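A.B. asks: The following block contains the structure, expressed as structure tokens.
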């Protein structure tokens, strides 16, 4: 749990330090802009921008019931952030497994990626797909015609 928040907290601390330095050098407007920029970066890299994660066991159970893909991800991963951002509201329809919180999810990522915890790994119908195109993932949410 704490590993997921290290980068966002570091970004907040750095942003606060840079903003404080800007205030002392006479640039309060610059300080506000810097603080807001670091706050946005911390938010994007935090687990807050992702849907609530579930365990791999629960995600597989839900996926078997509704046919929706399972996404193995971790906080701070730029490719996971890209996938989440490009999916938009559709991201809430996926089952997200934080591999830093769930050892079974981390093991599944390693199994699918030759021993590496490469994310995002999207599992569709039992088959893993590493770092797929977000448009392809969105297409997997559509019912077959």
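The values are calculated or read from the model by the stated rules, or taken from the named source; none is laboratory data. Not measured: the values here are computed from a predicted model. Virtual Cβ from ideal backbone geometry, glycine too; neighbours counted across all protein chains shown.
Yes/no per residue for (1) in a loop (DSSP other than H, G, I, E, B); (2) in the same structural domain as residue 8 (by TED's automatic domain parsing); (3) loosely packed, with under 13 Cβ neighbours inside 10 Å:
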site	(1), (2), (3)
39	no, yes, no
43	no, yes, no
62	no, no, no
87	no, no, no
92	no, no, yes
106	no, no, no
118	yes, no, no
137	no, no, no
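A.B. asks: Residue 70 versus (1) surrounded by 14 or more Cβ atoms within 10 Å (Cβ to Cβ); (2) modelled with pLDDT under 85; (3) touching a helix residue (DSSP H, G or I) at 6+ places or on another chain (Cβ under 8 Å): which is the lone unmet condition?
C.D. replies: (2)
A.B. asks: When you go through (1) free of Cβ contacts under 8 Å to residues at least 24 places away in the same chain; (2) within 30 Å of residue 14 (Cβ to Cβ); (3) out of contact with any strand residue (DSSP E or B) (no Cβ under 8 Å at 6 or more places or on another chain) one by one for residue 118, which number turns out not to apply?
C.D. replies: Result: residue 118 fails condition (3) only.
A.B. asks: Now for a separate question. Which residue is modelled with the highest pLDDT, if the candidates are limited to the stretch 47-60 and must be surrounded by 19 or more Cβ atoms within 10 Å (Cβ to Cβ) and assigned to a loop (DSSP other than H, G, I, E, B)?
C.D. replies: Here the residue is 54.
A.B. asks: Let me confirm something: among 55, 130, which residue is in contact with a strand residue (DSSP E or B) (Cβ under 8 Å, 6 or more places away or on another chain), without any contact (Cβ under 8 Å) to a residue 24 or more places away in the chain and within 24 Å of residue 44 (Cα to Cα)?
C.D. replies: The unique qualifying residue is 130.
A.B. asks: Hey, can you tell me all the residues within the stretch 64-85 that are in a loop (DSSP other than H, G, I, E, B) and either within 9 Å of the chain's Cα centre (by Cα) or not assigned by TED's automatic domain parsing to the domain that holds residue 134 (or both)?
C.D. replies: Passing the criteria: 74, 75, 76, 77.
A.B. asks: Same structure, new question: Within 17 Å of residue 130 (Cβ to Cβ) and touching a helix residue (DSSP H, G or I) at 6+ places or on another chain (Cβ under 8 Å) - does that describe any residue in the stretch 42-56?
C.D. replies: Scanning the stretch 42-56 turns up at least one residue that is within 17 Å of residue 130 (Cβ to Cβ) and touching a helix residue (DSSP H, G or I) at 6+ places or on another chain (Cβ under 8 Å).
A.B. asks: Being in contact (Cβ under 8 Å) with a residue 60 or more places away in the chain and touching a strand residue (DSSP E or B) at 6+ places or on another chain (Cβ under 9 Å) narrows it down to one residue among 74, 84, 62; which is it?
C.D. replies: 74
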